[in-house]
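Encoded as structure tokens, the structure appears first; notes follow it.
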Amino acid sequence: MTTRDALQSRLEQGIAALGLQLPADAVPRLLDYQALLERWNAAYNLTAVRDPAQMVTRHMLDSLAILPYVQGQTLADLGTGPGLPGIVLAIAAPGREILLVDSNGKKVRFLREAIRTLKLDGVRAVQSRAEDVQGQFDCITARAFASLADMLGWGGHLLAPDGVWLAMKGKSVEEELPGVPPGFELRERHVLHVPGLDAERQLLVLRRT
Ligand code: SAH
């Protein structure tokens with residue numbers, strides 16, 4: 001068993017290593033979120049990551065690593081699954097209007113439960129394919145969602161004219177770059193160093209041309 005204390009210090013050390021300063025209640029709220037995810041995961045299979053210490057690294061810290069690039073007042077997280085990175089960002093940087101989008105009903109049930117029990121103000125969850133969502137958002141996030149071609153094809157209409165699209169990727173994005181559809185362009189590429197994670201992580205920042 002990994003105690004909450006052990007998870008807390010892993011999370012706090014990771015946040016410090018990322019150079020982030022979060023609100024005072026962020027760490028306990030992130031641990032509450034993870035505890036809820038662990039609980040539901042037993043029955044609903046929401047994530048393949050089951051070890052709590054690995055959840056801190058691969059879900060909490062991996063999501064937090066993009067926080068410095070998040071901007072604007074409205075954010076949509078496409079293919080959010082159990083709320084990654086959307087719920088983590090909502091806790092770490094409250095005050096935005098956040099729409100969590102997933103086509104899978106049981107994931108959205110979990111999201112609604114998390115929003116309710118964690119009292120995530122300004123956060124909503126919708127069960128929908130990204131293609132069918134309407135609105136415009138200053139920031140769009142997507143982790144492990146789809147190829148660049150597919151994600152922009154399905155959700156490109158959701159990006160506000162000056163908005164930023166944050167695509168979280170493992171390695172091997174090279175072959176996806178030619179698939180970026182007309183009207184969008186890659187602006188920045190950042191290698192992310194997630195504390196405790198060996199695997200390469202990349203953040204691709206795209207905008208409208
Ligand atoms: N972002 C989460 C989940 C990634 S798995 C994470 O990083 O852990 C991809 C998710 O996208 C799944 O939950 C799946 O239900 C959802 N999905 C797949 N196609 C979709 C679509 N067209 N619109 C919205 N969600 C979709």
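Just so you know, in region 1-19 the residues that are part of a loop (DSSP other than H, G, I, E, B) and of a type in the set (S, T, N, Q) include one that is surrounded by the fewest Cβ atoms within 10 Å (Cβ to Cβ), and it is Thr3. Looking at Val101, Val126, which one is more than 23 Å from Leu192 (Cα to Cα), within 8 Å of the ligand (Cβ to nearest atom) and assigned to a strand (DSSP E or B)? None of the others qualify; the one that does is Val101. Within region 42-62, is even one residue in a loop (DSSP other than H, G, I, E, B), touching a Gly at 6+ places or on another chain (Cβ under 9 Å), at pLDDT 95 or above and open to solvent by 20 Å² or more (accessible area, probe 1.4 Å)? No - not one qualifying residue is present in region 42-62.
Working only within region 63-81, note down all residues that are part of a helix (DSSP H, G or I) and either on the phi > 0 side of the Ramachandran plot or more than 10 Å from the ligand (Cβ to nearest atom) (or both). Don't jump to the end; show me each part of the working.
Applying the first criterion (part of a helix (DSSP H, G or I)) to region 63-81 yields 63-64, 67-69.
Answer for region 63-81, where residues must be part of a helix (DSSP H, G or I) and either on the phi > 0 side of the Ramachandran plot or more than 10 Å from the ligand (Cβ to nearest atom) (or both): Leu64, Leu67, Pro68, Tyr69.
Go through the residues of region 20-36 one by one and say whether even a single one is part of a loop (DSSP other than H, G, I, E, B), open to solvent by 20 Å² or more (accessible area, probe 1.4 Å) and within 20 Å of Leu197 (Cα to Cα). Yes; the residues of region 20-36 include at least one that is part of a loop (DSSP other than H, G, I, E, B), open to solvent by 20 Å² or more (accessible area, probe 1.4 Å) and within 20 Å of Leu197 (Cα to Cα). The combined condition, being in contact with a Ser or Thr (Cβ under 9 Å, 6 or more places away or on another chain) and either among the basic types (Lys, Arg) or within 27 Å of Leu61 (Cβ to Cβ) (or both), is not fulfilled by Ala146. Taking region 129-177 as the range and being open to solvent by less than 60 Å² (accessible area, probe 1.4 Å), modelled with pLDDT of 95 or more, among the charged types (D, E, K, R) and more than 14 Å from the ligand (Cβ to nearest atom) as the test, only Asp138 passes. Candidates Leu111, Leu84: the one that is part of a loop (DSSP other than H, G, I, E, B) and surrounded by 18 or more Cβ atoms within 10 Å (Cβ to Cβ) is Leu84. Residues in region 82-96 that are touching a Leu at 6+ places or on another chain (Cβ under 7 Å) and either within 7 Å of the ligand (Cβ to nearest atom) or among the basic types (Lys, Arg) (or both): Pro82, Arg96.
The values are calculated or read from the model by the stated rules, or taken from the named source; none is laboratory data. Predicted model, so just to flag it, every value in this text is computed and none were measured. Please note: Cβ atoms are built from the backbone with ideal geometry, for glycine as well, and neighbour counts cover all protein chains shown. Heavy atoms of the whole protein, side chains included, go into the accessibility calculation; ligands, DNA and RNA do not. Shrake-Rupley method; radii C 1.70, N 1.55, O 1.52, S 1.80 Å.
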